[in-house]
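Participant: Structure provided below as structure tokens; questions to follow.
Nothing in this text is a laboratory measurement; each read-out follows from the coordinates by a stated rule. The model shown is predicted, which means the values in this text are computed figures rather than measured ones.
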Amino acid sequence: MVKLKSMKEKPLIKKYDEAFKREAVELVLKKGNKQIKVAHGLGISESTLRDWRYKYGEQIEIPKGNTPEELEEENRRLRRELESARTQRDILKKVWGIFSEDLSGGMPR
């Protein structure tokens, strides 16, 4: 059975300080999180978070993306790192094969 609230009861209104509101907006703008996930995670409605974005969004500095040159350099670095990891993997495979042969060859059947 559903219990109806009496007309005398006031709805619960939560008050959030400005710092909390700004941090919530930053989670969406700077970190790239989805607005609905942030709202649910903080226990607020999506419309409340949207209102805060309109109010505080312009005041929050959003970091600029990397330049094409920076992205190319990072790409080169990551390719070198990947090649090194592949080489290490191949060496470990060979060593594992050698040890496996020694162990199976020395055991009586």
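Participant: Give, in nm to one decimal, the length gained when the segment between LYS15 and ASN66 is fully stretched (0.36 nm per residue of separation minus the Cα-Cα distance).
Facilitator: 14.6 nm
Participant: At q = 0.17, 0.25, 0.29, 0.33 Å⁻¹, what is the log10 ratio I(q)/I(0) for the stretch 18-59, with the Debye formula run over Cα points and no solvent?
Facilitator: Each listed q maps to, in turn, -0.34, -0.76, -1.04, -1.33.
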